[in-house]
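The values are calculated or read from the model by the stated rules, or taken from the named source; none is laboratory data. The structure presented is a predicted model; accordingly, all values stated were derived computationally and were not measured. Heads up, the Cβs are rebuilt from the backbone with ideal geometry, glycines too, and the neighbour counts pull from every protein chain shown.
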Amino acid sequence: MLNILQSDVISTIEVALELQPGALTKESRADEFEQWDSLGVLGVLVALDKLFDGKVGKISEMAAVESVEEILIVLRQHSLID
Amino acid sequence: MSSNPKIFKAQKLKGKTLAFRDVTVDDANFIFSLRMDSKKGRHLSQTSPDIRDQITWIENYTNNDGEAYFIIENSEGLALGTIRIYDAQGDSFCWGSWILKDNAPISTAIESTLMMYSYAFEHLKFKKAHLDIRKDHHQVRKFHEFCGAWYVGETELNDLYEYNIEKFIELQKQTNMYLPESIVVER
């Protein structure tokens, strides 16, 4: 475990998408944000991969996530967050 | 001394969920409709409002070497967009004409980019890419920066970026889930 909190994950996604701090919640979905489109998803992925020290790029389920909740679930399943 | 790489057309490239198919004149309507879309077309070079010009352009493309223009399809053969590799300069190439339909799956941008770079770097053996990105296309600029491209200058209309195979290898590691296997190329 890298001791990274759920709030760190959400902040990282906000920065990658150039959203205001607090713009995202656990319930936020990609289709609710213009920035989180098929181009924006790369930023989210690269930022999370850096946050988790290169471990996210190997998780096949990450290709299908379309919400903050789904990202958190996948990260939990892979023991990257509590 | 080895000669510079060249851009070859391919009948088909197969990725994980996508395939690229070489453009034919039968695709003129699809390409025309994408390029005439006011939202998508504003970041592209100007398109003639006459579809016959599109057909002529594709006929010329078909009869000439030096570029590869693909329809991006899903696994059922449904057209999702276009992508083009062109302008070989030494060991560098350019890519563009990248348009995706609004209802394309969210993964299409990343997988199609990885497939295109895989074809250019691993199969055609280019080492670098040069990119012209419209200054007003912030999302695309950010996308290229996340891929690892770096700013090298500007023209009146475009920001100029460069990219190389080392950055692509780094990107492949970060996005492995989108294209875990090598692409299959059908000449």
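Structure values in brief
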item: So B:Phe121, is it in contact with a Pro (Cβ under 9 Å, 6 or more places away or on another chain) and either without any contact (Cβ under 8 Å) to a residue 12 or more places away in the chain or closer than 25 Å to B:Gln172 by Cα (or both); result: no
item: Selection status of A:Val9, in contact (Cβ under 8 Å) with a residue 12 or more places away in the chain, touching a Cys at 6+ places or on another chain (Cβ under 9 Å) and hydrophobic (A, V, I, L, M, F, W, C); result: no
item: Near pairs, Cβ below 6 angstrom, 6+ apart or cross-chain, from the stretch A:28-46 (facing another protein chain (nearest Cβ under 7 Å) and assigned to a loop (DSSP other than H, G, I, E, B)) to any residue that is surrounded by fewer than 19 Cβ atoms within 10 Å (Cβ to Cβ) and not aliphatic (A, V, I, L, M); result: A:Leu39/B:Gln139
item: Positions within the stretch B:95-117 being of a type in the set (S, T, N, Q) and away from chain A (no Cβ under 14 Å), in sequence order; result: B:Ser97
item: Residue within the stretch B:104-115 that is out of contact with any His (no Cβ under 9 Å at 6 or more places or on another chain) and farther than 22 Å from B:Leu179 by Cα present; result: no
item: Counted residues, the stretch A:51-62 - those being assigned to a helix (DSSP H, G or I) and facing chain B (nearest Cβ under 8 Å); result: 6
item: Wholly within the stretch B:141-187, strands (runs of 3 or more DSSP E) carrying at least 2 residues that are aliphatic (A, V, I, L, M); result: B:184-186
item: Within the stretch B:1-58, considering residues that are part of a loop (DSSP other than H, G, I, E, B) and within 18 Å of B:Asn103 (Cα to Cα), the one modelled with the highest pLDDT; result: B:Thr17
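Yes/no matrix, rows are residues, columns are (1) touching a strand residue (DSSP E or B) at 6+ places or on another chain (Cβ under 9 Å); (2) within 18 Å of B:Val23 (Cα to Cα); (3) buried (at least 16 other Cβ atoms within 10 Å of the Cβ); (4) within 12 Å of another protein chain (Cβ to nearest Cβ):
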| site | (1), (2), (3), (4) |
| --- | --- |
| B:Ile58 | yes, yes, yes, no |
| B:Asn74 | yes, yes, no, no |
| B:Phe93 | yes, no, yes, no |
| B:Tyr119 | yes, yes, yes, no |
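Here is a yes/no grid of residues against (1) more than 12 Å from the chain's Cα centre (by Cα); (2) at pLDDT below 95; (3) outside any strand (DSSP E or B):
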| position | (1), (2), (3) |
| --- | --- |
| B:Ile85 | no, no, no |
| B:Phe93 | no, no, no |
| B:Asp102 | yes, yes, yes |
| B:Phe126 | yes, no, yes |
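Here's the yes/no breakdown for (1) basic (Lys, Arg); (2) closer than 20 Å to B:His137 by Cα:
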{"site": "A:Val9", "(1), (2)": "no, no"}
{"site": "A:Ala16", "(1), (2)": "no, yes"}
{"site": "A:Lys26", "(1), (2)": "yes, no"}
{"site": "A:Phe33", "(1), (2)": "no, yes"}
{"site": "A:Ser38", "(1), (2)": "no, yes"}
{"site": "A:Leu51", "(1), (2)": "no, no"}
{"site": "A:Ala63", "(1), (2)": "no, no"}
{"site": "A:Glu66", "(1), (2)": "no, no"}
